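The values are calculated or read from the model by the stated rules, or taken from the named source; none is laboratory data. None of these values were measured; they are calculated from a predicted model. Heads up, the Cβs are rebuilt from the backbone with ideal geometry, glycines too, and the neighbour counts pull from every protein chain shown. Please note that ligands, DNA and RNA were not included when accessible areas were found on the heavy atoms of the full protein model with its side chains. Shrake-Rupley method; radii C 1.70, N 1.55, O 1.52, S 1.80 Å.
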Amino acid sequence: YPGTLNHHQGLDIAIEAMEELSRDFPKIELHIYGRGPSLPKLKEQASRLKLTEHVKFFDGILIDEVSTLMANADIGIVPKRAEGFGDQAYSTKIMEFMSQGLPVVLSRTRIDSLYFNDSVAAFFESGNSNDLARAVREILNNPAYRQLLSVQGYAYAQANSWEAMKNVYLDVVDRLTTTALPRQGTAKTQTTETGTR
């Protein structure tokens with residue numbers, strides 16, 4: 001997970017899920033890259049749950065390094081809360097993970113349910129660490145499912161990439177910003193009781 005560490009990002013839920021997952025997968029690790037107001041609480045939580053061997057914290061990295069970091073991971077996790085900002089804000093991390101061929105474990109938020117479905121991501125109930133652990137376990141235990149999510153997610157990212165969608169976006173901007181001016185000699189003036197319009 002790379003990004004700003006805020007409460008709405010739900011990383012405490014991912015850490016809680018690691019308590020269960022570490023029993024089933026003794027070598028599993030959750031890598032968290034970034035800084036933010038939640039960092040001290042997240043570190044304290046990992047220590048309290050005796051997960052310091054499984055939850056690793058790293059400083060933020062340069063944006064140019066994110067794709068390499070993601071490409072070397074096994075699963076991308078977006079555990080944000082389905083409340084307030086987290087429920088409404090589209091996370092670009094999802095597409096970044098998919099573009100690197102990673103299977104994505106995704107909290108079922110309102111916004112992400114509009115853009116993604118179960119064929120491209122493994123959803124879990126927002127705020128539910130047991131359900132997050134279930135989703136990760138399914139991916140790790142089922143190579144065919146893991147491969148399916150990787151392939152389908154990658155195809156989704158390609159179909160919705162900037163290269164594929166930029167003309168759609170630019171057409172919308174053109175329609176919203178272009179005002180058709182009347183041709184010379186065709187404008188008519190109407191006179192009303194209150195003046196000319």
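Return the residue satisfying two criteria in turn: it lies in the range 67-100 and is β-branched (Val, Ile, Thr) and under 13 Å from the mean Cα position of the chain (by Cα), and of such residues it is surrounded by the fewest Cβ atoms within 10 Å (Cβ to Cβ). Talk me through it step by step, then tell me what you get.
Start the filter on the range 67-100 by keeping residues that are β-branched (Val, Ile, Thr), which leaves 68, 75, 77-78, 92, 94.
Okay, now just the ones that are also under 13 Å from the mean Cα position of the chain (by Cα), so 75, 77-78, 92, 94.
Working: 75: 19, 77: 27, 78: 22, 92: 9, 94: 22.
So the residue we want is 92.
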Boolean, residue 19 is surrounded by fewer than 20 Cβ atoms within 10 Å (Cβ to Cβ), of a type outside the set (Val, Ile, Thr) and within 17 Å of residue 76 (Cα to Cα): no
Some residue of the range 69-76 being aliphatic (A, V, I, L, M), closer than 29 Å to residue 159 by Cα and modelled with pLDDT of 95 or more: yes
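Do you know which residues across the range 22-58 are of a type in the set (Gly, Ala, Ser) and surrounded by 13 or more Cβ atoms within 10 Å (Cβ to Cβ)?
If we filter the range 22-58 for residues that are of a type in the set (Gly, Ala, Ser), which is where we start, we get 22, 34, 36, 38, 46-47.
Listed by number, the residues that qualify are 22, 34, 36, 38, 46.
Answer yes or no: is there a residue in the range 129-136 that is more than 21 Å from residue 154 (Cβ to Cβ) and within 12 Å of the chain's Cα centre (by Cα).
Within the range 129-136, the first condition is being more than 21 Å from residue 154 (Cβ to Cβ), and the residues that meet it are 129-134.
Add one more test, that the residue is within 12 Å of the chain's Cα centre (by Cα), and what stays is none.
No, every residue in the range 129-136 fails to be more than 21 Å from residue 154 (Cβ to Cβ) and within 12 Å of the chain's Cα centre (by Cα).
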Test: residue in the range 115-138 that is within 24 Å of residue 163 (Cα to Cα) and acidic (Asp, Glu): no
Every residue from the range 44-94 that is in contact with a His (Cβ under 7 Å, 6 or more places away or on another chain) and of a type in the set (Lys, Arg): 56, 80, 81
Subset of the range 154-193 (residues that are open to solvent by 100 Å² or more (accessible area, probe 1.4 Å), at pLDDT 85 or above and hydroxyl-bearing (Ser, Thr, Tyr)): 154, 169
Some residue of the range 120-143 being out of contact with any Asp or Glu (no Cβ under 9 Å at 6 or more places or on another chain), open to solvent by 30 Å² or more (accessible area, probe 1.4 Å) and among the small types (Gly, Ala, Ser): no
Total residues in the range 156-170, condition within 18 Å of residue 119 (Cα to Cα) and free of Cβ contacts under 8 Å to residues at least 24 places away in the same chain: 1
